[in-house]
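**Student:** Submitted below is the structure of interest, expressed as structure tokens.
Rule-based calculations on the coordinates, nothing more; no lab input. None of these values were measured; they are calculated from a predicted model. Cβ placement follows ideal geometry from the backbone for every residue including glycine, while neighbour counts extend to all protein chains displayed.
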């Protein structure tokens, strides 16, 4: 043995490696599609159909209640596997993107309404998302959806700038940058 | 749920056009087109569509028409089973608007598992038929099926589909249509019962895995219990959808276990709950059955790896220490007490002899103990290898062993009374000649001490034996020898420091009196063994062996009376004695075999009910506290526990509470169910006492040697917070 420096270095490196392994991964273990791959840009931007949905307290809301904000509108249900898969990343997105004046609005089309959503939020520790309900599926109908999850990116002037079918990884740096870009209204040039 | 999709309508219009084309072609060829098809049109889109089919083209005279709901799914798309898993919805059908339909019952073919985005879901892909038995109100009359079907199909998105299907069958001869084969094939995929797979459910167990999770194990048995790629689907869990099961080869021949890990509910919430299991093993092999899992210890569930038969000696030190300590404590357990008499006599006799001789004698006794343990270990290894269920003290379940031990006790008693000479402790001169025989005697004493010692467990012994028997031959041998070392420690200490023996009183006439007394003790042991034999082998067997033992004693007494005078008669007596001993063993074995099952233990007046897993599960389901006492007539510790704790105030009073169910498992005779229960705690011997309750569904295991305090505390703990607060 030449001395202690080598073993100590080996020890430190191994500890570091262990630490890396032990650090909980922030993103989902399973790779979801990236936003840039799944995004369908809506060009020209369109005005969404008039929709309304209920909050957890039973108050009826429309998109007009969020005027001036950028929106990530997500239509989902607890029985929908792909929807359920992206909810945790959507929850983290809501926390990360709130400072930029962007709201994430998941609208559940569960026929059971609030109880289903409440229990789902509790078991999956969804903390940053509001509970928004459309138990009759009117929102899905109004958007003429093919299926769920479908998400719409709505800019600050209230127009749809993008559409995503299926689940994506919402809380990456790239996705947040992209969303911040998408919700800015077009310059009034032409 | 409202329809979300718009595509199916345009698509079905296209199909209609195509159908029209086909119809025109048929007309142009003047083919006799059937008035009614045995299938409705497809309704849906290019992702998923559905139609109604029937096996026959007319209703015929039977009361039932075989029908089916046929789904066609594009690659990647799936629909859900009646239990969808982590997400999803099963199809629902309303028959409102049908005519001449009394009732329609839907069957579910075995599902397939799919894992999407980390979620376990159960369903069907490709083309699938859900068989429907349509019962007619008026057999022989036309039938109109009108089905409103709502179903969810998913791939990367989920689409709720809504389809209205119509199918009319005329009256007439029930000629099988083109769809008959598909319905029959689907019906063949509907799970049957376990017997059809050649399997039997032995038990279902649930054990905690962390605070919020649990593990579930199904132990199955069958002559051809060879599952190749099994999957297991559970209905009735409070939440969560477990992943695929692990297949674990069973400890006994023909057994396999399926273990589900990571169930998102605590074991307490699952124990006693009726769950429905669907086991699949390749196409066409599936069974559905219900079971109520009982709470078990995490350690007792079948492990992820089968225990290899030859485990290397890589055992942690603790089991050795436990085995050693257990062995040491066995010295003062009541089961070894009669042999203690022999030991004491040996030591006292040695007080006068030379140090070297004493040392040899002591070492021989220690060797006897170790040899006894080695023999035990080898026997258990052998039994385990041939797949027999093994345990600590199981030799007491064998009539021949009990008979042999009875005879040995009689012989030892005769020896102590000086009627015969097994050892010849008569001074130094004799030692030189009889040395070998003396050592043989000491060795035998040691070995018998071992055999008798196994009739009771001591603290630590249960744990150590449980550890050993669950492992390979080398581990069993090593642990048993460690225990033997513990049991023989007093001898070894004596051998190391023979001076200790000098402190014993010097030999004298008192020794003869003491020897007589100890002889009586040994006869008492013989009587006790006969009593056990009475319970193991039946009355006639016990009587026979008892008479033979008395005859043996009589013969030996007579032989002693003859003294050195009549050599011939003495020889005859010796032969007769040997014959009697052999006859007793034979009689016990034959008698017990003839008796079949002996009379059960008389426990009519007792508050204890016979133990079964079902009784335990039911007691728990009723919210009761359940006390399990696993005992055996030959287990002295068990008798001590009953006499000093269980049947006495204050415990007896506490056990009389109306919410307490008392179950006694009598292991006096071999009982696989009880052996399994013992093994579920990693135990291979009695006593075992466990207290279950609302707050302890997995059971609280009491120490081997009970104290009133232990039992009362466990009862309180099992009752849970609510009752504890009331006190």
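**Student:** With a point put 7 Å past each Cα toward its Cβ, work out how far residue A:98 is from residue B:164 in nm, to one decimal.
**Tutor:** Rounded to a tenth, the inter-label distance reads 4.7 nm.
**Student:** Just how many % of Cα pairs in segment B:120-276 lie over 24 Å apart, if you round to the nearest whole percent?
**Tutor:** More than 24 Å apart: 56 percent of the Cα pairs in segment B:120-276.
**Student:** Taking R0 as 25 Å, what FRET efficiency do you get between residue B:378 and residue B:578 from their Cβ-Cβ distance, rounded to the nearest 0.05?
**Tutor:** 0.45
**Student:** For a Förster distance of 25 Å, can you work out the FRET efficiency between the beta-carbons of residue B:148 and residue B:171, rounded to the nearest 0.05?
**Tutor:** 0.50
**Student:** Taking 7 Å along the Cα-to-C-beta vector as the label spot, tell me the residue A:122-residue A:138 distance in nanometres, rounded to one decimal.
**Tutor:** 2.8
**Student:** Another question, then. Calculated FRET efficiency, residue A:47 and residue B:212, Cβ-Cβ r, R0 41 Å, to nearest 0.05?
**Tutor:** The pair residue A:47/residue B:212 has a calculated efficiency of 0.30.
**Student:** How big is the gap, in Å, between the Cα center of segment B:242-289 and the Cα center of segment B:632-649?
**Tutor:** Going from one Cα centre to the other spans 37 Å.
**Student:** Counting only other chains, what is the mean number of Cβ atoms within 10 angstrom of the Cβ of each residue in peptide B:146-155?
**Tutor:** The shielding value for this peptide is 2.
**Student:** Related question: Just how far, in whole angstrom, is segment B:135-181 from segment A:92-162 if you go by their alpha carbon centroids?
**Tutor:** Taking the Cα centre of each part, segment A:92-162 and segment B:135-181 sit 37 Å apart.
**Student:** When a footprinting reagent is the concern and you count Cβ atoms within 10 Å, what order do B:42, B:510, A:79 take, fewest first?
**Tutor:** So the ranking, lowest neighbour count to highest, is B:510, B:42, A:79.
**Student:** Please give, to one decimal in nm, the separation of the simple spin-label points placed at residue A:180 and residue B:106, each 7 Å out from Cα toward the Cβ.
**Tutor:** According to this spin-label approximation, the distance is 4.9 nm.
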